[in-house]
Every structure is written in structure tokens, then in C-alpha cells.
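Novice: Please find one structure pasted underneath; my questions will follow.
Every number here is computed from the coordinates shown, using simple stated rules; none is lab data. Keep in mind that this is a model prediction, so the values were computed, not measured. Here the Cβ positions follow ideal geometry from the backbone for every residue, glycine too, while neighbour counts run over all protein chains shown.
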Amino acid sequence: MTLRIEQLTGKLPDLISRYAAGLGAMDAGLQAAGEALNDWAGDPALGNQRVEDAMQHVPRPYALATDEACQCVFTAPPFTPLTVVSADGSSIEPDRFAPVQCYVINIGRVALPYRMSCNALLDSHAELGPEHEPPGDDDDRGGDTLGRGWGVNLLRDIAELEAGGHLARERLADGNVVLMLDGTLLPWDLDSRQVDESVRKAVLARTRDILDLLSLSGDGLSVCAYVSGSRASDVVTSLRALSPAKGIAWPASDGQLFAGLLGDGQRSALFRAGSQRAGRVETLNELAAHEVWFFYLRAGGDIARVEVPGWASSAARIGRLHATLIDQCARCNGYPRALQEAHEQAVISGADRQQFSRLLEAEAARQGLYGAANGKQESKRRRAV
Amino acid sequence: MTIDTPRVVEAGLRAFACAYERYVEEPFRLGQLVAVREGPWTVIGAVADTASGPDDPSRPLQATGGEMSAAEVLADNPHIRPLLRTRLTVVSCGYIEGEVARALLPPTPPPLLARVEAASEPETVRITGDGAFLALLVGAPQCDDAVLAATIRSAAAAHGAGAREFTVVAGKELARLLKADSARLASIIRGVAG
């Protein structure tokens with residue numbers, strides 16, 4: 001054992017008690033937040049205007065009220081027959097010790113029909129990249145030929161969205177569909193300067209195209225991105241801007257706020273995500289038609305953030321989504337079953353990674369290419385004393 | 001629901017394993033003769049074992065469902081069936097090459113991923129007619145008395161009006177093969193009669 005646990009155990013109680021004291025100090029903040037929420041609901045237009053004003057000065061994500069009274073909570077309507085579609089991805093990043101730089105993206109897809117006669121689908125599809133010449137040498141665009149800047153996470157995100165989107169559209173032929181994705185609705189790295197500009201542009205166009213396609217799919221489709229245990233604080237940030245209270249400890253996240261407001265299975269009101277952060281993903285003009293709306297959902301002990309495209313926020317679509325999420329979470333210990341199974345299809349195990357590494361080395365050697373000798377890597381492989 | 005056909009997933013001369021894409025409640029039956037028609041010859045074998053369970057051993061099947069029947073649980077949880085597999089163990093008992101049927105081991109195993117289908121009545125009659133196919137089964141460790149009895153019963157059904165005559169031929173062949181093991185012979189004959 002190299003981690004000396006006995007050196008840590010004595011310090012844990014103090015750390016935890018400090019955290020608990022911090023939670024206790026948050027009571028005033030929770031009360032102020034509740035009061036601000038009620039005031040906001042009383043005059044949402046005025047509240048939104050004040051939030052918009054605050055947004056100009058502080059470049060952070062905010063929440064804006066929608067037609068739903070923002071202090072309200074909602075119980076799920078009855079679950080109706082439909083197909084739940086989900087996609088998730090896993091990847092092998094370029095390995096700088098490998099003889100050839102490349103990456104793997106594995107996408108898992110599931111379609112689970114409930115109270116319907118069509119077949120379930122669970123499958124996965126692996127892609128090897130780059131397919132073409134990689135982005136050019138390291139320069140101010142953020143890319144190079146050693147795998148940096150290729151944006152594998154971004155490419156995986158868009159592959160998930162496209163796989164789920166196309167499968168959802170196929171399944172609409174059988175009836176209503178709820179499409180669930182893991183994480184945020186818009187690929188997070190779309191605004192990352194670490195990713196080559198050409199990659200970002202291409203993925204931005206693909207994101208817009210698949211969301212455009214989904215937006216034309218009719219009312220039978222509900223769409224969401226599910227963030228379990230979200231630490232986002234858009235609503236709290238707006239409430240701080242609306243509240244006259246100063247010098248108090250505010251909840252650190254929206255999850256802490258809604259943990260005290262939502263009963264099991266209930267959701268919060270819908271909010272619109274607002275931000276004036278120039279150049280960030282939420283303000284990209286190309287995605288203006290796909291504004292992110294969100295609500296919070298309590299599933300057991302978890303407060304999840306559920307993001308939906310604004311065009312999929314009708315009462316019927318949100319009601320269907322809410323009922324489905326509660327049903328899915330009940331089937332899988334508080335997490336949507338479809339997301340869990342898509343993850344299981346996508347996951348690349350340690351053994352798979354080693355096998356791919358050996359395959360890559362063997363094929364490279366067959367073509368006369370060998371990885372640069374690296375002492376650290378070799379020493380990790382041979383751990384003899 | 002699509003009708004699944006199992007495919008060869010492990011191939012040997014004496015035995016092969018095949019699997020359905022998912023869990024099926026009614027796979028080929030114990031002792032049923034099956035045929036693999038892909039490759040240079042048709043390999044004929046008898047089903048010696050069937051097992052169903054999770055495809056991924058690290059994800060054991062949870063026994064949930066309350067008062068629901070198995071069919072209701074599967075319908076209510078559509079992800080379960082695709083994550084399960086039904087596998088069969090088949091013992092080779094002959095092969096057919098053109099017009100010639102031989103109750104011998106095939107020269108090569110059946111191809112991996114080849115479709116495994118029920119042997120037709122004419123194929124069954126040609127392979128089993130003289131009882132010689134029993135030699136391969138009696139010598140196979142996968143074939144206990146119950147498998148042998150079930151195979152003879154299954155083959156007899158394919159002989160139609162000649163079922164009784166076939167059963168007598170098979171009994172004589174068994175008596176010859178098991179002359180030093182009368183207890184086993186008696187056990188198999190009881191199984192056939194039962």
C-alpha cells in the first residue's frame with residue numbers, strides 16, 4: 001500500500017465538520033433565495049429585466065424566468081407508451097508514447113420501447129480517427145499533428161448527439177420518443193481555444209444541422225440532456241442579482257437550492273439559460289435557434305439539471321419528458337435506465353484500451369514505425385524492484 | 001419480434017457452441033438434431049445442453065419483478081432481453097457431403113458464425129437410419145444418458161411411420177456400444193421409453 005491511509009483518517013472528521021458548518025451558515029442564503037424567487041414570480045418581466053442588466057456587468061451564466069411561475073414545483077403526469085432513445089460515448093485519446101497518433105470514439109446507442117410492440121436496440125459503433133490529414137502544425141488556431149487540439153471530446157459529443165438524434169427520428173415512426181443525452185445539450189468544448197478552429201467550426205455546423213433536423217421532427221419528440229448532481233448555479237446567480245440581501249452565504253449551486261424545494265419526483269419551473277459571455281458556447285450565433293432551457297428534477301437523493309432546446313419546451317413535451325425521467329430513474333436506482341445502458345454499450349474497458357494499444361503497435365511495426373523510446377513509460381511497464 | 005437463429009460461436013470437430021443474439025424462451029430442444037449448412041458439407045449434431053444468462057458476467061441478472069410473470073418483467077424492461085444470451089452445446093454426429101451422409105466426425109469444424117438450423121426430416125433419416133451416429137454421441141463427454149435418450153426420441157419422430165423400426169435399430173446399436181455397461185444401457189432405454 002502506497003497511500004498511507006492512517007495519515008488521513010485523523011484529519012477527515014475536522015474537514016467534514018467544517019463542511020457541515022458551512023452548510024448551516026447557508027440557511028440565511030436559502031431563505032433570501034426563496035424570498036427572491038417569490039418576488040421574481042410576482043413580476044417575472046421586471047425580474048428578467050434586472051437579471052439582463054446584471055448580465056451585462058458580470059459574465060456568468062444566469063437563469064431567466066419563462067411562462068412557468070419560477071417558484072412553482074410540478075409533479076409528473078402519467079407515463080404513456082413511448083420509446084426512450086439514448087446515446088453515450090467513450091474515447092481513447094491520442095497517446096504521445098504511441099508510434100502513430102490516433103484516437104478512437106465508441107458510441108453506444110439504445111432504443112427502449114415501453115408498452116410498445118417494436119424491438120429494443122442496444123448496440124455500439126467504433127470510429128478510428130483522424131480520418132483525414134490532421135489539423136496543421138501548432139499555431140494560434142490551437143491544433144498540431146501530435147494529437148493536441150484535435151478535440152476528441154468535442155468529436156465524441158457531436159457523435160453522441162448525431163447518433164441519438166438519428167435513432168430518435170427513426171423511432172418516431174413507431175410513436176412518441178424521448179431522446180436523452182448525458183451531460184449538457186450543447187457540446188461544451190465548442191468554445192475551447194484548446195481545440196483547433198477548423199474542428200470547432202466543423203462540429204458547430206454539425207451541431208446546428210442535427211438540432212435543426214430534430215426541431216423539425218414534430219411534437220412526438222421530447223429531447224433532453226441530463227446532468228446528474230449538477231453544480232451549475234445559474235438560478236442562484238440570478239437570485240443574488242435580484243435579492244437585496246448582502247453579506248450572507250448563498251447556496252453554492254442550484255442543486256443546493258432546489259434540494260429544499262423539490263419533493264421526490266417533482267421538477268422545478270422551466271428557466272431559460274442566459275449569458276452575455278462573448279464567444280462562449282451559449283452565445284454562438286449559429287446556435288441561436290436552439291436556446292437552452294432547463295429545469296431541475298429530484299430523483300431520490302439526486303437533484304439533476306435537465307436541459308432542453310427551447311423549441312421542445314411545450315407543456316406536452318415537457319410533461320412527457322418529466323414522466324419518462326421519473327419512470328426511467330425508478331428503473332435504475334435513481335438514474336435514467338436508457339442513459340445507463342447507453343453508457344454500458346459505449347464504455348471502453350482497460351483491457352480494451354490495452355488491446356487497442358497492442359494492435360496499434362503491431363500494425364505500426366509491420367509498416368516499420370516504432371514509438372519513441374521513453375524511459376518513464378518503459379519503467380511503468382516493468383515495475384521490478 | 002424477430003425470429004432469432006443461433007450462430008456458431010465456438011467451433012470444434014467433436015462439438016460446437018452456438019448462441020442466439022438474445023435470450024429466447026424456446027431454443028432448440030434437448031436432443032434435437034441441428035444442421036450447419038454453410039461450408040463444404042452440412043454438419044449434423046445433437047443438442048446436448050442449453051444455458052441462458054447475462055452476456056456480460058460482470059452484470060448479473062437481478063431477480064426483480066414483484067408479482068409479475070417472466071414475460072411481463074421482460075416486456076416491462078425492454079433492455080433486459082438484448083443483454084441476455086441463450087447458448088447451446090451441440091455434439092457432432094455426422095455430416096452430409098452431396099448425396100453421401102456419413103455418421104463420422106466432419107473433416108473440419110463448422111464455420112464460426114454460421115447459422116444453425118433444425119435438421120430436416122430427410123437429413124435426420126439419412127444420418128440416423130442405421131444407428132451408427134450413436135457411436136459419436138456415446139463417446140462424447142457432453143452426452144449423458146438423458147441426452148442420448150432425448151436424441152433417439154427426437155430422431156424417431158423424424159422417421160414417421162418407421163419410428164418403431166428406427167428405435168429397434170438404435171437400441172441394438174446401443175446394446176453393441178454399451179455391452180460392458182449394462183447399467184448405462186438400461187438407463188438410456190428407460191429414457192427412450194419414457
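Novice: Counting Lys +1, Arg +1, Asp -1, Glu -1, what net charge surrounds B:ALA175 among other residues with beta carbon under 12 Å of its beta carbon?
Specialist: Details: positive: B:LYS172, B:ARG176, B:LYS179, B:ARG184; negative: B:GLU173, B:ASP181.
Combined, the nearby Lys, Arg, Asp and Glu give +2.
Novice: Suppose R0 equals 60 Å. What FRET efficiency, 1/(1 + (r/R0)^6) with r the Cβ-Cβ distance, do B:GLU67 and A:ALA365 give to the nearest 0.05? Walk me through the numbers before you get to the answer.
Specialist: Values: r = 60 Å, r/R0 = 1.00.
The calculated FRET efficiency here is 0.50.
Novice: Okay, helix-only estimate at 222 nm for chain A: each DSSP H run of n ≥ 4 adds -39500 (n - 2.57), divide by all residues, round to 500 deg cm²/dmol; what do you get? Present the calculation step by step, with values, prior to reporting the outcome.
Specialist: Working: 12 runs with 151 residues, N = 385.
Value at 222 nm, helices only, nearest 500: -12500 deg cm²/dmol.
Novice: How much space per residue, in cubic angstrom, does the convex hull of the C-alpha atoms of segment A:309-367 take up? Numbers along the way, then the final one.
Specialist: Working: hull volume 7.0 nm³, N = 59.
So the per-residue hull volume is 119 Å³.
Novice: Could I ask something else about it? With +1 on the Cβ of every Lys and Arg and -1 on the Cβ of every Asp and Glu, and nothing else charged, how large is the dipole of chain B about its Cα centre, in debye rounded to the nearest 20? If you can, show how the numbers build up before the last one.
Specialist: Working: 19 positive and 23 negative charges, 119 e Å.
The dipole of chain B has a size of about 580 debye.
Novice: Okay, moving on. Order by neighbour count: A:GLU52, A:GLU291, fewest other Cβ atoms within 10 Å first, most last. Can you show the working numbers first?
Specialist: Values: A:GLU52 15, A:GLU291 18.
With the sparsest Cβ surroundings first, the list reads A:GLU52, A:GLU291.
Novice: Please report, in debye to the nearest 20, how large the charge dipole of segment B:133-194 is about its Cα centre when each Lys and Arg carries +1 at its beta carbon and each Asp and Glu carries -1 there. Provide the component values of the computation, followed by the final result.
Specialist: Numbers: 7 positive and 5 negative charges, 30 e Å.
The calculation lands at about 140 debye.
Novice: Between A:VAL51, A:GLY129, B:LEU105, whose Cα lies farthest towards the positive end of the dipole of the protein assembly as shown when Lys and Arg beta carbons carry +1 and Asp and Glu beta carbons carry -1, centred on the Cα centre?
Specialist: Sorting the options by dipole projection puts first B:LEU105.
Novice: Which ordering of B:LEU33, B:LEU148 is given by a fewest-first count of other beta-carbon atoms within 10 Å? Kindly include the intermediate steps, with their values, before the conclusion.
Specialist: Values: B:LEU33 25, B:LEU148 28.
With the sparsest Cβ surroundings first, the list reads B:LEU33, B:LEU148.
Novice: Still on this structure, I have one more. Once you sort the root eigenvalues of the Cα gyration tensor of segment A:1-110 as a ≥ b ≥ c, which label holds: rounded (a/c under 1.5), prolate (a/b larger than b/c) or oblate (the other case)?
Specialist: Working: a/c = 1.95, a/b = 1.28, b/c = 1.53.
Cα axes put segment A:1-110 in the oblate bin.
Novice: Then there is this: Counting Lys +1, Arg +1, Asp -1, Glu -1, what net charge surrounds A:ARG60 among other residues with beta carbon under 9 Å of its beta carbon? Before the final figure, lay out each step's value.
Specialist: Numbers: positive: A:ARG277; negative: A:ASP234.
Summing Lys/Arg as +1 and Asp/Glu as -1 gives 0.
Novice: When DSSP beta bridges are limited to those with both residues in chain A, what percentage is antiparallel, rounded to the nearest 5? Provide the component values of the computation, followed by the final result.
Specialist: Details: 40 of 51 bridges.
Approximately 80 percent, going by the DSSP bridge assignments.
Novice: Right, another one. With a/c under 1.5 counting as rounded, go ahead and sort chain A into rounded, prolate or oblate using the C-alpha gyration tensor (a ≥ b ≥ c being the square roots of the eigenvalues; past the cut-off, prolate if a/b is larger than b/c, else oblate). Numbers along the way, then the final one.
Specialist: Working: a/c = 1.67, a/b = 1.37, b/c = 1.21.
Since a/c reaches 1.5 and a/b is larger than b/c, the shape of chain A is classed as prolate.
Novice: Loop-only check: which GluC sites (Glu not before Pro) in segment B:11-64 are DSSP coil with at most 10 other Cβ within 10 angstrom?
Specialist: Filter output for segment B:11-64: B:GLU25.
Novice: To continue, here is another question. Once you place label points 7 Å from the Cα toward the Cβ at A:TYR19 and A:ASP43, how far apart are they in nm?
Specialist: Each label point is offset 7 Å from its Cα along the Cβ direction, giving 4.1 nm.
Novice: First check a/c for segment B:87-194, with a ≥ b ≥ c the square roots of the eigenvalues of its C-alpha gyration tensor; if it is under 1.5, answer rounded, and if not, answer prolate when a/b is larger than b/c or oblate otherwise.
Specialist: Details: a/c = 1.72, a/b = 1.37, b/c = 1.25.
Prolate is the answer for segment B:87-194, as a/c is 1.5 or above and a/b outweighs b/c.
Novice: A further question on this structure: Please give the charge dipole size of the protein assembly as shown, origin at the Cα centre, charges +1 on K and R Cβ atoms and -1 on D and E Cβ atoms. Round to the nearest 20 debye.
Specialist: Working: 58 positive and 73 negative charges, 332 e Å.
Dipole size: approximately 1600 debye.
Novice: In addition: Per residue, how big is the convex hull of segment B:7-193 when only Cα atoms are used? Give it in Å³.
Specialist: 143
Novice: I need the calculated FRET efficiency for the pair A:ARG50 and A:LEU8, taking r as the beta carbon distance and R₀ as 56 Å, to the nearest 0.05. Let's see the in-between values first.
Specialist: Working: r = 46 Å, r/R0 = 0.82.
For R0 = 56 Å, the calculated efficiency reads 0.75.
Novice: Another question about this same structure. Which of A:LEU37, A:VAL85, A:LEU270 sits farthest toward the positive end of the charge dipole of the protein assembly as shown, with +1 on the Cβ of Lys and Arg and -1 on the Cβ of Asp and Glu?
Specialist: Comparing the listed Cα positions along the dipole, A:VAL85 ranks first.
Novice: Moving to a separate point now. Tell me, A:MET116, A:MET55, A:MET180 in order of fewest to most beta-carbon neighbours within 10 Å?
Specialist: On the way: A:MET116 17, A:MET55 20, A:MET180 27.
The order, fewest Cβ neighbours first, is A:MET116, A:MET55, A:MET180.
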